[in-house]
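Structure, as structure tokens:
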Amino acid sequence: MIANLGLNRLLWAVTGGLSVVAAAAGVMMPGLYDGLVSEELLPGALAQDLISVLAGVSLSVLAAVARPARQRQQLLALGLLGYLFYAFGIYVIERAYNGFYLVYLAIFALAFWSLVYGAVKLRRNLMAGARLSRGLRIVSASGALLQPLMFYPLWIVMLLPLMRERDQIDSLYSIFILDLAFIMPAFLILAVLVFRDQAVGLVLLPALYVLGFTLIFSLALAELLKPIYGTAPDLPALTAATLLSTLFLVIGGLHLFRLELLPQTQAPLPDPIKSAIATGS
């Protein structure tokens, strides 16, 4: 599906390898975020690093096994790149100035440009032949549209008092930037394209569901890790994150594995034209 797959695989391998190193350091070195991440956010940092290790390993494996005919694996890789862009973007924007900050910057940049390059290199003949049943297309597009409908109002309501009071918060402002400028527009655009049965939406939306699942599942995991830091899980937050991540997993999985990716061949020439070519006139 992706042209120039060799270069893409190299980018995936480098991004995945750096992610494993940086995230594993966060897991194994508890003091890495001292003075940089507030205590109440440490469960979230640990959960994110654990998921990032798995995402980095998975991306590295996909870089090793990806082949032109294994099209769904390539879409999974694009989704993992999106997750790593978001996860390490948080550390970059939140100014986590520890010994790995330059690595965070490298992953942030590599993941973004690898994602852009991979999307640009999608083969048009396969894109044009993408098919998905009408019922599943509506379900998938509706699930994607739910995200901007939910998070745009939520984040804007939280931003308005800060804007009114000219207040600068010390943490988690990266979520507003990444969600409002990147993730929610992507969900909105691809949802509209899938509703309209456009090939680019049909192909790329499963990758966005991979991103969404990994991000939201890390929030659920953070709640489960809170007892390590002496606090109790927030059951409503755990339930909401679990349900939303399950929704991403189910809809994204169905979309990915029911998606038909057949190359579109050139249409046959009309008989008069073929006859003219054959006679040389």
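Every read-out reported here was derived from the displayed coordinates using simple, explicitly stated rules and does not represent laboratory data. As the structure is a computational prediction, the values presented were derived from the model and not from experiment. Heads up, the Cβs are rebuilt from the backbone with ideal geometry, glycines too, and the neighbour counts pull from every protein chain shown.
Using Cα pairs closer than 8 Å and at least 6 residues apart in sequence, work out the relative contact order for the chain, in percent. Intermediate results must be reported in sequence, preceding the final value.
Details: 359 pairs, mean separation 69.3, N = 281.
Value for the chain: 25 percent.
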Query raised in the report: What per residue convex hull volume, in Å³, do the alpha-carbon atoms of region 1-131 yield?
Result: 99 Å³
**Report entry** Computed over region 19-74: relative contact order in percent, which uses C-alpha pairs under 8 Å that are six or more apart
**Finding:** 42 percent
Query - Where only alpha carbons of region 94-198 are counted, the Rg and the Dmax (Å) - result: 18.0, 53
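I need to check one value: relative contact order of region 96-221, counting alpha carbon pairs closer than 8 Å and at least 6 residues apart, in percent. Walk me through the numbers on the way to the answer.
Numbers: 63 pairs, mean separation 39.8, N = 126.
Over region 96-221, the number comes to 32 percent.
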Query raised in the report: Counting only the backbone N, which residues of region 75-115 are under 20 Å from the spot 7 Å out from the Cα of ASP234 toward its beta-carbon?
Result: 87, 90-91, 94
Report task. Determine one quarter of the surface area of the Cα convex hull of the chain, which equals its mean projected area, and express it in nm² to one decimal. Result -> 18.6 nm²
